[in-house]
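The values are calculated or read from the model by the stated rules, or taken from the named source; none is laboratory data. Please read all numbers here as calculations on a predicted model, not as lab measurements. A quick note on method: Cβ atoms are made from the backbone with ideal geometry, for glycine too, and the neighbour counts reach across all protein chains shown.
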Ligand SMILES: NC(=O)c1ccc[n+]([C@@H]2O[C@H](COP(=O)([O-])OP(=O)(O)OC[C@H]3O[C@@H](n4cnc5c(N)ncnc54)[C@H](OP(=O)(O)O)[C@@H]3O)[C@@H](O)[C@H]2O)c1
């Protein structure tokens, strides 16, 4: 059975982006700090078509995630950080011509749009009929691999609230943001119990993995 997992880099005070994220500043003011730990890793560089890089424990964890992903689901703001409808000259996302996903990506939006095929195997499919449909399509596309709910906070929150997530993996970054976009802001419903299944400490982040108890 395909597992559905969330994986995000988060500040100690719960933010996954700084304030004022935009197309010019996709992670908001100071938000790049959350991903500093990943940029020099061999697995991340390979996804960008680059050689070399560190092959430490962080790298093993990133490789492990890359290998298990058969399809991504993301919110439209993670795709383009824009303010709404596509307009006459729709932005193709800030991921470049060869995005680091290399597979199907299902983008939740209320604004229909034709699929966008990029270099390197990434195709963005725009889904306007809700989180369940996006997940069903992602699961079908993933084959025997897993589905990653890749962000941002709005979409992750909805999947967690709906009980559709099996696992939450966080890279806890030792920084306090104080402002920005919080991952689990205003979660609705009963408390959701988690079982902690892995803790890995590295020099830059703490990798936390939880199973969601349904
Ligand atoms: N730290 C990390 O690891 C990490 C990872 C990923 C993203 N991020 C950051 O997260 C931020 C974006 O997060 P966010 O919470 O603002 O937005 P988001 O979850 O990426 O996207 C929200 C948008 O998704 C669409 N949407 C959400 N639920 C929907 C539904 N049920 N049906 C149809 N469409 C739906 C809507 O798009 P429309 O307005 O088009 O209808 C909504 O405006 C960015 O700053 C990004 O850089 C951080």
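Are any of the residues in segment 161-174 without any contact (Cβ under 8 Å) to a residue 60 or more places away in the chain, within 9 Å of the ligand (Cβ to nearest atom), out of contact with any helix residue (DSSP H, G or I) (no Cβ under 8 Å at 6 or more places or on another chain) and outside any helix (DSSP H, G or I)? Checked segment 161-174: no residue is without any contact (Cβ under 8 Å) to a residue 60 or more places away in the chain, within 9 Å of the ligand (Cβ to nearest atom), out of contact with any helix residue (DSSP H, G or I) (no Cβ under 8 Å at 6 or more places or on another chain) and outside any helix (DSSP H, G or I).
May I ask you to verify whether residue 70 is more than 9 Å from the ligand (Cβ to nearest atom), under 22 Å from residue 160 (Cα atoms) and in contact with a strand residue (DSSP E or B) (Cβ under 8 Å, 6 or more places away or on another chain)? Yes. Return yes or no: is residue 63 touching a residue at least 12 places away in the same chain (Cβ under 8 Å), in contact with a helix residue (DSSP H, G or I) (Cβ under 7 Å, 6 or more places away or on another chain), within 21 Å of residue 166 (Cβ to Cβ) and more than 13 Å from the ligand (Cβ to nearest atom)? Against the criterion (touching a residue at least 12 places away in the same chain (Cβ under 8 Å), in contact with a helix residue (DSSP H, G or I) (Cβ under 7 Å, 6 or more places away or on another chain), within 21 Å of residue 166 (Cβ to Cβ) and more than 13 Å from the ligand (Cβ to nearest atom)), residue 63 qualifies. Taking the residues in segment 6-24 that are buried (at least 17 other Cβ atoms within 10 Å of the Cβ) and in a loop (DSSP other than H, G, I, E, B) as candidates, determine which candidate is nearest to the ligand (Cβ to nearest atom). Ranking the candidates gives 21 first.
Across segment 26-52, which residue is modelled with the lowest pLDDT among those that are buried (at least 17 other Cβ atoms within 10 Å of the Cβ) and within 9 Å of the ligand (Cβ to nearest atom)? Per the criteria, the residue is 26. Here residue 195 meets the list (1) loosely packed, with under 11 Cβ neighbours inside 10 Å; (2) assigned to a loop (DSSP other than H, G, I, E, B) almost entirely, failing just condition (2). Just give me the residues in segment 100-115 being more than 9 Å from the ligand (Cβ to nearest atom) and in contact with a helix residue (DSSP H, G or I) (Cβ under 7 Å, 6 or more places away or on another chain), in sequence order. Answer for segment 100-115, where residues must be more than 9 Å from the ligand (Cβ to nearest atom) and in contact with a helix residue (DSSP H, G or I) (Cβ under 7 Å, 6 or more places away or on another chain): 100, 102, 103, 104, 106.
Of everything in segment 175-202 that is near the ligand (Cβ under 10 Å from one of its atoms) and in contact with a strand residue (DSSP E or B) (Cβ under 8 Å, 6 or more places away or on another chain), the residue that is farthest from residue 213 (Cα to Cα) is 180. For segment 142-155, which positions are under 13 Å from residue 107 (Cβ atoms) and either more than 10 Å from the ligand (Cβ to nearest atom) or surrounded by fewer than 20 Cβ atoms within 10 Å (Cβ to Cβ) (or both)? Selection gives 154 alone.
Reported count of residues in segment 26-38, each being under 24 Å from residue 73 (Cβ atoms) and more than 15 Å from the chain's Cα centre (by Cα), is 2. Just one of the listed residues (148, 137, 113) is touching a residue at least 24 places away in the same chain (Cβ under 8 Å), touching a strand residue (DSSP E or B) at 6+ places or on another chain (Cβ under 6 Å) and part of a strand (DSSP E or B), and it is 148.
Here residue 130 fulfils each of the conditions (1) surrounded by 14 or more Cβ atoms within 10 Å (Cβ to Cβ); (2) more than 14 Å from the chain's Cα centre (by Cα); (3) within 11 Å of the ligand (Cβ to nearest atom) apart from (1). Considering segment 78-89, and only residues there that are surrounded by fewer than 22 Cβ atoms within 10 Å (Cβ to Cβ) and within 11 Å of the ligand (Cβ to nearest atom), the residue that is modelled with the highest pLDDT turns out to be 80.
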